[in-house]
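What follows is a set of notes on a single structure, which appears directly below.
Every read-out reported here was derived from the displayed coordinates using simple, explicitly stated rules and does not represent laboratory data. The structure presented is a predicted model; accordingly, all values stated were derived computationally and were not measured. Note: ideal-geometry Cβ built from the backbone for every residue, glycine included; neighbour counts use all protein chains shown.
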Amino acid sequence: MDDLHQLMLGFQVALSWTNVMFMIVGVLLGIVVGVLPGLGGPNGVAILLPLTFGMDPTSAIILLSSIYWGALFGGAITSILFNIPGEAWSVATTFDGYPMAQQGKAGEALTAAFTASFIGALAGVILITFVAPLVAKFALRFGPAEFFGVFFLTFCSFIGMGKENKAKIVASLAIGFLLAAVGLDTISGDLRLTFGVSELIKGFDFLVVVIGLFGVSEILLTIEEGLHFKGKKAQIDLKVVLRTWAALPRYWATLIRSSIVGMWMGVTPGGAIAASFMGYGLAKRFSRTPENFGRGEIEGVLAPETAAHAAGTSALLPMLALGIPGSATAAVLLGGLMIWGLQPGPLLFIENKEFVWGLIASMYLGNVAGLLIVLATVPVFAAIMRIPFALVAPIILIVCAIGAYTVESSRFDIWLMLVFGVIGYIFKKLDYPLAPLVLALVLGDRAEDAFRQALLGSGGNLSVFFSNGLVSTLMVMGLALLFWGPLSAGTGFLRRRLAPARSAPLGR
């Protein structure tokens with residue numbers, strides 16, 4: 001009951017005229033971010049983060065989170081109308097969304113996608129509402145060793161459960177740790193890896209790195225691919241919406257299953273991309289007409305959108321409760337909270353209740369506003385795709401440069417942004433994941449501080465990381481996840497080797 005009371009107080013904060021205005025503006029900006037393949041959710045939030053430095057933290061986080069909700073909705077527009085995923089997690093939506101548009105059912109496909117997005121995001125917000133305070137209360141038992149255990153578990157889960165090449169994940173994490181080590185050592189006070197460059201004393205600002213890795217690199221890739229958009233007409237009227245909504249109850253099992261998959265993949269490092277494909281695969285597996293998938297099956301739109309949005313929203317749970325981001329966007333928001341003087345983690349629910357519950361309430365309102373706005377503005381945003389990318393790319397690049405310069409009012413940061421843009425471009429060309437790098441950059445110094453503080457308190461005895469049931473459980477779980485991939489591969493190999501022997505006829 002206390003949580004519901006706090007949520008009601010949060011609605012009072014979120015429903016102020018100022019915050020409602022920021023919510024609407026954020027959703028509109030987010031839809032643009034989602035529609036333009038050169039941006040994306042993490043990029044849009046990172047680029048616009050410097051503009052919020054002078055704002056009230058609650059209004060700032062509502063604006064940025066609304067940009068995220070809008071980007072989640074907007075990614076489906078290009079996927080369905082143009083077969084061009086506006087977001088990486090919208091790839092699975094193209095499988096059936098684009099065929100539906102080719103069959104003249106663009107309105108039904110878009111309505112289904114937006115409604116599924118709303119349902120998935122709502123499931124994620126409900127999870128945050130009731131689980132985050134419990135996680136935060138439990139986390140008050142954490143000391144330096146326990147916090148390192150959580151960081152260790154997070155890094156190991158990225159390696160063990162990540163779908164990318166394990167060596168590439170480790171390399172990306174290592175580079176992130178290296179970048180996090182640059183600057184002033186917070187424990188000893190020594191300078192590390194600055195090489196006499198005074199601008200590096202404070203280390204690499206995560207915002208400059210993120211703008212380069214995501215924003216600039218995507219522009220370079222898009223220019224290389226030479227995308228040319230061909231506009232299509234998309235119209236959604238009340239009859240189409242009501243007709244589509246009337247058909248949705250028959251897919252209740254798919255919506256629930258995809259929501260559960262998305263929430264799990266959001267809290268763990270699986271992410272929205274993996275969730276969308278898993279939701280699509282499970283929908284096809286349990287469908288009575290799996291042969292229709294890929295030919296314009298509405299269930300093939302509902303499943304990935306529900307799963308992706310449930311994952312995208314649930315990723316904020318570990319960020320708020322433990323200070324550990326579950327996605328690239330959550331990592332950007334985590335950095336924003338630190339810039340505003342807020343410390344994500346269990347104490348946030350005690351020291352900044354108004355902020356936390358105002359944010360959670362804005363998630364409910366932002367999703368409702370997002371659903372209504374996208375249904376009303378699809379034709380407008382579809383027209384954006386007819387603008388030549390040669391005009392859009394320079395504008396995006398200028399916004400990126402302004403965002404990087406605003407951090408410290410330093411031209412050096414603009415050059416850093418361009419350097420990291422090239423690094424991000426190389427990473428994507430070589431198929432190296434960027435999320436582990438961002439994660440290590442944001443959490444690397446905190447993990448190092450927790451590790452060293454735990455060792456200082458124990459006199460250098462490593463047994464401190466197995467000194468009680470909580471930290472031992474975290475460390476064992478981390479090791480289990482780290483070796484999950486090799487163990488699974490070994491089990492599968494043995495199963496394949498034993499299968500022929502079992503099936504062979506017995507000799508006389």
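Quick check: residue separation of Ser472 and Leu238 times 0.36 nm, minus the Cα distance between them. What number comes out in nm? Walk me through the intermediate numbers first.
Numbers: separation 234, 0.36 × 234 = 84.24 nm, distance 5.64 nm.
Going from the current span to full extension adds 78.6 nm.
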Fewest Cβ neighbours within 10 Å first, please rank Trp252, Trp357 accordingly.
Trp252, Trp357
At a 10 Å Cβ-Cβ cut-off, how would you order Glu448, Glu305, Glu224, fewest neighbours first?
Glu224, Glu448, Glu305
Per-peptide average of other Cβ atoms within 10 Å, ordering 393-401, 106-114, 185-193, 311-319 highest first
311-319, 106-114, 393-401, 185-193
Test of understanding: ordering Ser362, Ser259, Ser463, Ser276 by Cβ neighbours within 10 Å, fewest first, what list do you get?
Ser463, Ser259, Ser362, Ser276
Short version: ³J(HN,Hα) in whole Hz for each residue of the stretch 92-101, in order, from phi by Karplus 6.51 cos²θ - 1.76 cosθ + 1.60 (θ = phi - 60°), x for Gly and Pro, what are they?
5, 5, 5, 4, 10, x, 5, x, 5, 5
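Going down the table (Lys166/Lys202; Lys284/Lys428; Lys168/Lys429; Lys166/Lys428), which pairs top 21 Å between alpha carbons? Walk me through the numbers on the way to the answer.
Values: Lys166/Lys202 31 Å; Lys284/Lys428 30 Å; Lys168/Lys429 13 Å; Lys166/Lys428 16 Å.
In this structure, Lys166/Lys202; Lys284/Lys428 exceed 21 Å between Cα atoms.
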